[in-house]
Amino acid sequence: MIMDNNTLKCLSDNLRLLMDHHKQSQEDLAVKSGLSQRTISNMLTPGATKKGPNIENISAVARAYKLETWHLLIPGQPIELLLSKSVEKLLENYTKVEKHSRDNLDRIAENELRYCMQDKKIINGN
């Protein structure tokens with residue numbers, strides 16, 4: 001599986017986040033996932049290999065953390081979302097509603113993000 005640099009970085013970031021949260025070393029995760037320490041190291045170093053990690057290895061790491069494989073490929077997640085099933089439930093619910101409802105949810109999410117960013121600017125004095 002050949003992944004672009006953004007996907008490799010996302011995987012690496014999420015993997016580091018999980019390892020830090022669980023206070024695990026590469027060796028610890030290697031044992032837990034059944035992969036080699038070198039494979040874990042390569043996953044933590046985007047571009048370490050030409051092809052990047054294969055889907056089986058990503059899935060092994062996901063299983064070690066009781067996650068779905070795709071959870072490791074969502075960029076910018078805080079640890080609490082990465083560990084919860086809320087993103088999965090949100091996606092499941094989102095796909096079941098009609099288009100006009102998805103449009104409303106998109107609009108709400110965009111507005112909430114805008115308000116959060118404005119609050120951060122105010123708090124940071126910008």
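Taking the stretch 66-75 only, how many residues are free of Cβ contacts under 8 Å to residues at least 60 places away in the same chain and exposed (fewer than 13 other Cβ atoms within 10 Å of the Cβ)?
Total meeting the criteria: 1.
Tell me whether the stretch 80-97 contains one or more residues that are among the basic types (Lys, Arg), within 18 Å of Leu8 (Cβ to Cβ) and either more than 21 Å from the chain's Cα centre (by Cα) or assigned by TED's automatic domain parsing to the domain that holds Lys23 (or both).
no
Look through Thr45, Thr7, Thr39 and report the one residue that is out of contact with any Leu (no Cβ under 8 Å at 6 or more places or on another chain), surrounded by 12 or more Cβ atoms within 10 Å (Cβ to Cβ) and among the polar types (S, T, N, Q).
Unique residue meeting the criteria: Thr39.
Somewhere in the stretch 87-96, is a residue closer than 22 Å to Ser33 by Cβ and either loosely packed, with under 13 Cβ neighbours inside 10 Å or without any contact (Cβ under 8 Å) to a residue 24 or more places away in the chain (or both)? Explain how you work it out, then say what you get.
Start the filter on the stretch 87-96 by keeping residues that are closer than 22 Å to Ser33 by Cβ, which leaves 87-88.
With either loosely packed, with under 13 Cβ neighbours inside 10 Å or without any contact (Cβ under 8 Å) to a residue 24 or more places away in the chain (or both) added as a condition, the list becomes 87-88.
Yes, the conditions are met somewhere in the stretch 87-96.
Checking Ser59 against (1) surrounded by fewer than 14 Cβ atoms within 10 Å (Cβ to Cβ); (2) free of Cβ contacts under 8 Å to residues at least 12 places away in the same chain; (3) under 30 Å from Glu92 (Cβ atoms), which test does it fail?
Answer for Ser59: the failing condition is (1).
The values are calculated or read from the model by the stated rules, or taken from the named source; none is laboratory data. All values reported here derive from a predicted model rather than from experimental measurement. All Cβ positions, even for glycine, are placed from backbone atoms using ideal geometry, and neighbour counts span all protein chains on display.
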